[in-house]
Amino acid sequence: MPRRPSLTILYIGAQRAARVDLSGPGVTHSAERPCGGESFEAIVESLLKENAKPAARTFIFSEDVFTQTIDLPASAVAGLTVEQVQRALSYELEPVSGVRAAEAAVGMRECGAAGDRRRYWVALVPLATRDAAAAVAQRHQSRIAGIAHPGGLLNNNNASLEVWEQATFCHNAAGGANIKVISARPGSRLWEQEVRDWLERAGGPVEWIGRARSNVTLQIDGVEINDRGANPADADLYQWIGGVAAPRVLQQFESFPVVVPPKAARAAVRPRAVGIAVAAALVALAALDYYEESRIARDLESEVTTAETTRLASQRAKASEELLTKQIAETVKNNAAQREKLQFIDAAWNEQRGRLLALATAAGEQRVPSLFITEIASERAGGARIRGEGADAAAIDNYAAGLAAPLEKAGWRAHPAFLQEKTDADGRRFYEFNIALSAPEAKSAR
């Protein structure tokens, strides 16, 4: 029987998908197929059902994974657990990822600090996608060790741009928040703006790697761009898996964000000897019970009379009366519960009207001259968002912090501002901001 591999790696790209089984330094099995509009789950299924049995651990690299870096105020995440930070990140990225925060599975890597802000590199997939892949792997006697985007894994000490289909990874030459991930299609206006801003800050020579090529709009005075060709995964996929991806997985995901499925609970196993002993004891007890019951039945059979029949009929009548009484009590109880629920709905509606008025009042009173509000919108689950523009990042952060106290009295919780730096037609920088507001958990009517 062939030895089972130690690790299976699946690669799901824009045009093709592949599977590689590894045992030590060697490849024991590989397979490749095109991608043609199938679901993530279907592609994983087709790769794992190859003739060879996959390893006990399967790791998936997929370009379908949403990835981006995001900066948050250090004061906003101080003292939070990893799970709490992940939840905050999923909420902040909901507008750009297209995945509702409650339905998102998040992996993150902290990339250091820039001033009073912390940078997080995030990988995000829908919970349903993660769980479907885990179920497929379990059917093939494997488990998903992690799901990640294949970008950003190159060990490059030089400033470089690594361009993929939906994300671009900007590696700084040294220190600090050492990576910026742009979640945008190459060639779009947003992508060109973000890349140009990063090139201006990078200075010095920059290596360009990937699918899109630099163009005249990205030529920056004093910045030399050296074209290093295609992504290694496009040039030689199996060399990339063995030489780049596998070592990163074996390093326990220290250098990139990974979405990790929850560990499945193991079923308890009873020792066979205990099971046999219990079964034997049950058989013996059953035999004794049968003998005793047969003896008693024979003794009582002659004592059954008409009086016993009359007593049983009386018991049935009493049971019917008790059942009717119980049904009447249940009806009264249900009517009271319905009245309570109607009262709760009326109170909740009055409370919601007051909270919306408090939101509009606080948003206007706390605003400073250097920013203006473009939209206040309500959302599902009772939340809301304040969107606007401003010239000063610190003023926007202070505005978000200033909303906390007045809104808390009305039942709102103001999250830190999510900022995106922009440049107008005259080259002046400004910030678009997005402040998420969540409502407390609703009290349910009993």
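Enumerate the amide H contacts of residue 104 below 5 Å, restricted to partners 5 or more residues apart or on another chain; note that Pro and chain-start residues carry no placed amide H.
Sorted by chain and number, the residues that satisfy this are 127.
How far is it, in nm, from the label point at residue 373 to the one at residue 327 when both lie 7 Å from their Cα along the line to the Cβ?
Placing both labels 7 Å along Cα→Cβ, they lie 5.7 nm apart.
Could you state the per residue volume, in Å³, of the convex hull enclosing the Cα atoms of the stretch 2-127?
Spread over its residues, the Cα hull of the stretch 2-127 gives 140 Å³ apiece.
Considering the Cα positions of the stretch 60-202, please state its Rg to one decimal place and its Dmax as a whole number of Å.
15.9, 50
Scan around residue 167 for amide H atoms under 5 Å from its own, H built in the peptide plane at 1.01 Å from N, and keep only partners 5 or more places away or cross-chain.
Long-range HN contacts for residue 167: 184.
Please state the shape class of the stretch 156-230: rounded when a/c is under 1.5, otherwise prolate if a/b exceeds b/c and oblate if not, all from the C-alpha gyration tensor.
In terms of gyration-tensor shape, rounded.
For residue 46 and residue 15, what does the FRET efficiency come to when R0 = 25 Å and r is the distance between their Cβ atoms, rounded to the nearest 0.05?
For residue 46 and residue 15, the calculated efficiency is 0.95.
With a 10 Å radius around each residue's Cβ, average the other Cβ atoms per peptide and rank 100-108, 159-167, 328-336, highest first.
So the order, starting with the most tightly packed, is 159-167, 100-108, 328-336.
Which FRET efficiency value, to the nearest 0.05, is calculated for residue 56 and residue 214 with the Förster distance at 51 angstrom and r the Cβ-Cβ distance?
The computed FRET efficiency comes out at 0.70.
Straight-line reach from residue 263: which aspartates and glutamates have Cα under 12 Å away, leaving out those fewer than 8 places along the same chain?
Cα-Cα hits under 12 Å: 131.
Determine the equivalent ellipsoid of the stretch 346-438 by diagonalising the alpha-carbon gyration tensor, then write out the semi-axes as square roots of 5 times the eigenvalues, largest first, rounded to whole Å.
They are 27, 12, 10 Å, listed largest first.
At 7 Å along the Cα-to-beta-carbon direction for both residue 35 and residue 131, put a label point, then send me their distance in nm to one decimal.
So the two model labels end up 2.4 nm from each other.
Can you tell me how much longer the chain between residue 401 and residue 141 gets when fully stretched, taken as 0.36 nm per residue apart minus their C-alpha distance, in nm with one decimal?
Here the segment from residue 401 to residue 141 would lengthen by 88.6 nm.
Please list the non-local residues whose amide H lies under 5 Å from the amide H of residue 7, H modeled 1.01 Å from N, same-chain partners needing a gap of 5 or more.
22
No lab work stands behind these numbers, since they all come straight from the coordinates. These figures come from a predicted structure and were not determined experimentally. Methodologically, a virtual Cβ is constructed for each residue, glycine included, from the backbone with ideal geometry; neighbour enumeration extends over all protein chains shown.
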